[in-house]
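In what follows, a single structure is set out as structure tokens and then discussed.
The values are calculated or read from the model by the stated rules, or taken from the named source; none is laboratory data. Computed from a predicted model, the values in this text were never measured in an experiment. Positions of Cβ are generated from backbone atoms using ideal geometry, with glycine treated the same way; all protein chains shown enter the neighbour counts.
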Ligand code: SF4
Ligand code: SF4
């Protein structure tokens, strides 16, 4: 493995471990200080700005929930494959609509009381983390990232940004799929004679596949064929 690859992997691990500490801080600390719930709002602002240049990079490198699942939940997960249902567009957007409607109604009721508003954001994290843990214990630990409303929002808003590109010389060995936390198979997106690109919404930009591809045919770039 090249030295700069090792550096990148260590850097991602370190940033994930650091960011994962925000999860207990907000969920547990927010019980005593609901204002901590505004951390979630700050992170939403960060990822919306970041996604305009780097797609779902936030999911792969910085998301406290994703980091917790990948670095800690993974140790107790059975790592079963992600079912096809979790890759369906309709499930992603139904969940998005339900959770956003719930959050909007709670914010409406809490409006004017900063502590109550902070608690709404904290509650959204508790609900998401609860569902993600139940799913992640049996399936791949980051299964939630396939349907996460925040990830869907970033993917939809960065359709042509920093896309994972597969060169035509891909050997279709499937090593990339084995190391991917959310299981798209980058090799399947290659096209004869031209490079293919993994849809933004399906890729966390984590670089695991790029670092592990034996043919070195994967890289990130903005879509050129538009
Ligand atoms: S690991 Fe590389 S060569 Fe193998 S299928 Fe994936 S992209 Fe193709
Ligand atoms: S396709 Fe590659 S970069 Fe995208 S999430 Fe999977 S392993 Fe990470």
#### Entry: Breaking point among (1) surrounded by fewer than 20 Cβ atoms within 10 Å (Cβ to Cβ); (2) more than 7 Å from ligand 1 (Cβ to nearest atom), for residue 181
(1)
### Task
State the number of residues belonging to the range 184-195 that are near ligand 1 (Cβ under 10 Å from one of its atoms) and in contact with a strand residue (DSSP E or B) (Cβ under 9 Å, 6 or more places away or on another chain).
5
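Condition check ((1) buried (at least 18 other Cβ atoms within 10 Å of the Cβ); (2) assigned by TED's automatic domain parsing to the domain that holds residue 11; (3) without any contact (Cβ under 8 Å) to a residue 12 or more places away in the chain) across all residues:
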{"position": "123", "(1), (2), (3)": "yes, yes, no"}
{"position": "134", "(1), (2), (3)": "no, yes, yes"}
{"position": "142", "(1), (2), (3)": "yes, yes, no"}
{"position": "151", "(1), (2), (3)": "yes, yes, no"}
{"position": "169", "(1), (2), (3)": "no, no, no"}
{"position": "190", "(1), (2), (3)": "yes, no, no"}
{"position": "214", "(1), (2), (3)": "no, no, no"}
### Query
Out of 165, 161, which single residue is farther than 24 Å from residue 71 by Cα, in a loop (DSSP other than H, G, I, E, B) and either more than 11 Å from ligand 1 (Cβ to nearest atom) or in contact with a strand residue (DSSP E or B) (Cβ under 7 Å, 6 or more places away or on another chain) (or both)?
161
### Task
Scan 176, 206 and give me the residue that is assigned to a helix (DSSP H, G or I), closer than 23 Å to residue 136 by Cβ and either within 20 Å of the chain's Cα centre (by Cα) or within 16 Å of ligand 1 (Cβ to nearest atom) (or both).
176
